[in-house]
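Each reported figure results from applying straightforward, stated rules to the coordinates on display, with no laboratory input. Remember, it's a predicted structure, so these values are computed and weren't measured experimentally. Here the Cβ positions follow ideal geometry from the backbone for every residue, glycine too, while neighbour counts run over all protein chains shown.
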Amino acid sequence: MPPIFPPFNRSISSQVVGGEEAGVGSYPFIVSLQIFSQHFCAGSILNEKWIITAGHCINSVPSILPLSILRVKAGKYNLQLIENTEQTVKVVKAYVHENYKRGIGPYDIGLLKLASPLKLNNNVQAIELAPPESEPTGKAWLCGWGSISTTNYPIMPNKLQHVKIEYINRTTCHESVKRLTGSSPVHETNICTGPLYNKISACSGDSGGPLISYNGKKSVLTGIVSWGIVPCGTLGAPSVYTKVSKFNDWIAKKINSNFSYV
């Protein structure tokens, strides 16, 4: 979760509030990022070798610790159980976008290269990226293990949560954040969701996780959870994501330059 970012008067955080438990296996592309067996962020499976997440999630790994302490858990539903569907893999490389400056801001995207490939199956699957420069509209789905609390005290669920939400345009998003905080870091590389009239939002622990649209029955990754207003579910407050369709080239270049394992 990014730190509070001055000069905001109200706390801003990366952060499912207002949702419900997802069905087992409903989102086979989501992964839990863990340190010392503790979930701290989520990510999505690009292929058997690569995970996409938020840059601030990668930066939150203490610099004094080796990257090898980071674990990616795929095929998870209940974080408190050892499940026969789960796969645990170490990370060998991490990339944060060169323009990301830490904290709340644009270009909040990163990639994790796995030490060994995931075994793709019904419970562990890759997700398709939104087409370059595409503009998602209408309804979306958010899933994650983030706090379900609408107060400043987090309540972390064991089971994967999800919620149906709606995209809002960037102007509305910018104005909403500015009205609540006095300023707004919403950028052209962000997308936002509401509804602004309901207590529904991403929350702490959802960071790095997927915002998706459906193309028929196929899931498409449109956003990566980046930040939002605290307390989560604040009326009038959007959830803010990294807009995946702005980064197709960056993703491809990183992956293609690391084609083989090290």
### Task
Please give the contour-minus-distance gain from ASN121 to TYR214: 0.36 nm per residue of separation, less the Cα-Cα distance, rounded to one decimal in nm.
31.5 nm
### Message
I need the phi-derived Karplus couplings for region 226-243: 6.51 cos²θ - 1.76 cosθ + 1.60, θ = phi - 60°, integer Hz, Gly and Pro marked x.
### Response
10, 7, x, 7, 10, x, 4, x, 4, 4, x, 9, x, 9, 10, 10, 6, 7
### Residue (of GLY105, PRO132, ALA22) at the positive-pole extreme of the chain, dipole from beta-carbon charges
GLY105
### Query
Rounded to the nearest 500 deg cm²/dmol, what is the calculated helix-only ellipticity per residue at 222 nm for the chain, with -39500 (n - 2.57) per DSSP H run of length n ≥ 4?
-3000 deg cm²/dmol
### Task
Report which label in (i) 1.06; (ii) 0.91; (iii) 1.33 holds the value of Cα Rg over 2.2 N^0.38 Å derived from the coordinates of this structure.
(ii)
### Message
Explain nothing, just the number: dipole magnitude of region 128-245 about its Cα centre with +1 on each Lys and Arg Cβ and -1 on each Asp and Glu Cβ, in debye rounded to the nearest 20.
### Response
300
### Task
State the cysteines of the chain left without a partner when partners are defined as other cysteines whose beta carbon lies under 4.7 Å away.
CYS143
### Query
Using θ = phi - 60° and the Karplus curve 6.51 cos²θ - 1.76 cosθ + 1.60, what whole-Hz ³J(HN,Hα) does each residue of region 124-132 get, with Gly and Pro shown as x?
9, 9, 7, 10, 7, 7, 4, x, x
#### Entry: Long-range HN-HN contacts of ASN190 with modeled amide H, under 5 Å
LYS243
